[in-house]
1. Starting from the range 160-182, keep only residues that are over 25 Å from residue 110 (Cα atoms), then list their pairs with residues that are acidic (Asp, Glu) whose Cβ atoms are within a distance under 8 Å, requiring at least 6 positions of separation or different chains.
2. In the set 10, 90, 70, 81, which member is within 22 Å of residue 190 (Cβ to Cβ) and surrounded by fewer than 16 Cβ atoms within 10 Å (Cβ to Cβ)?
3. Would the range 182-201 turn up any residue that is within 29 Å of residue 140 (Cβ to Cβ) and loosely packed, with under 15 Cβ neighbours inside 10 Å?
4. From the residues in the range 213-236 that are within 14 Å of the chain's Cα centre (by Cα) and of a type outside the set (A, V, I, L, M), which one is surrounded by the fewest Cβ atoms within 10 Å (Cβ to Cβ)?
5. Can you tell me how many residues within the range 204-256 are of a type in the set (Phe, Trp, Tyr), without any contact (Cβ under 8 Å) to a residue 60 or more places away in the chain and touching a Gly at 6+ places or on another chain (Cβ under 8 Å)?
6. Suppose the filter is surrounded by 15 or more Cβ atoms within 10 Å (Cβ to Cβ) and either part of a strand (DSSP E or B) or outside the structural domain of residue 301 (by TED's automatic domain parsing) (or both); does residue 159 pass it?
7. Of a type in the set (Asp, Glu) and free of Cβ contacts under 8 Å to residues at least 40 places away in the same chain: is that true of residue 196 in this structure?
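The values are calculated or read from the model by the stated rules, or taken from the named source; none is laboratory data. Being a predicted model, the structure only gives us computed values, none of them experimental. Don't worry about glycine lacking a Cβ; one is built from the backbone with ideal geometry, like all the others, and counts go over all protein chains shown.
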Amino acid sequence: MIKILITGGAGFIGSALAEKLIENKDNYIVVVDNLSTGAYNKLPVLPKDNWEFIKCDVNVHNDIAAVMFAFKFDYVFHYAAVVGVQRTLANPTSVLNDIEGIRNILALSKNTGVKRVFFSSSSEIYGEAIDFPQNEYTTPLNSRLPYAIVKNVGEAFLDSYNKEYGIDYTIFRLFNTYGPKQTDDFVITKFIKKAEKNEDITIYGDGMQSRTFCYIDDNIEATLNALYRNEIINDVVNLGGDLEYTILEVANIIISLTGSKSKVIHLPALEEGDMKRRCPDISKMRKLLGRNPVHLEEGLKAMLDKGLFNNNH
């Protein structure tokens, strides 16, 4: 049986990954989370014959060490982190504490025989890019935000541990993943909740800042293919969409799909953290999927049909 650890597994992406990994009965999954941003109600609703949840803080060495020495995992998915632009700007020291979690995971992986560590990085590390699409190798990593710096440090740790100790890694740079069970401090879920209540949808600045969006199922499928097919080893891959939408367009699409009477209200632009444009090069992701990613409208319809977007902590 393959033993897999998912840190941050009670969060949006971690819990979705756990559900799919648990479906494979050759896997035994241990989900850990300190529940600071994750929630019990996001954990898989599946028989506990090949998985368990342990409340644990990866930033506390003794806490995560007990888990990792007890199970001797084959693979680790390190997704535990303080996330969200507004939350990370409001709690910069908490974000920096996540460096300890990265250090703990890698040091313990070295000492317990972990074969590969999968790391949830972020599009934030690209900063305000000047070249598009944003390629994994040619686009500078120039963001100065604490969250982005921590992700950049995490990537450097992975590379260093690989070179010195031979631990394999895979880095996923995530671009605006959305779907059921996402908390409402992210744009898609926030807009859907407002639209369903016919409340005003607020946008920072003129709304012309553009983003691409990745439906959760695409994120998870690409991740599982990287694992099971032994791809993206000691390498990095952008996980996102390749079609750009302005935030104003996103609001109007959601208003249309929900039949809402909501109006769009413009707020002053954010002082920092709201990059003007993001668009990843997803050539490597497309190879992992063997197809094009789901379009935003298709993903939104699937999300609305499932009716699970309000499953928050």
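1. Final answer for the pair search is 179/217.
2. 90
3. yes
4. Only one residue fits best here, namely 217.
5. Here is the first cut: in the range 204-256, the residues of a type in the set (Phe, Trp, Tyr) are 204, 213, 215, 228, 245.
Those left that are additionally without any contact (Cβ under 8 Å) to a residue 60 or more places away in the chain: 228, 245.
Within this subset, residues satisfying the condition of being touching a Gly at 6+ places or on another chain (Cβ under 8 Å) are none.
So the count comes out to 0.
6. On the way: surrounded by 15 or more Cβ atoms within 10 Å (Cβ to Cβ): no; either part of a strand (DSSP E or B) or outside the structural domain of residue 301 (by TED's automatic domain parsing) (or both): yes.
In short, no.
7. For residue 196, the condition - of a type in the set (Asp, Glu) and free of Cβ contacts under 8 Å to residues at least 40 places away in the same chain - is not met.
So that you can scan it fast, the table gives a plain yes or no per residue for (1) surrounded by 13 or more Cβ atoms within 10 Å (Cβ to Cβ); (2) within 21 Å of the chain's Cα centre (by Cα):
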{"site": "250", "(1), (2)": "yes, yes"}
{"site": "270", "(1), (2)": "yes, no"}
{"site": "279", "(1), (2)": "yes, yes"}
{"site": "284", "(1), (2)": "yes, yes"}
{"site": "288", "(1), (2)": "yes, yes"}
{"site": "306", "(1), (2)": "no, yes"}
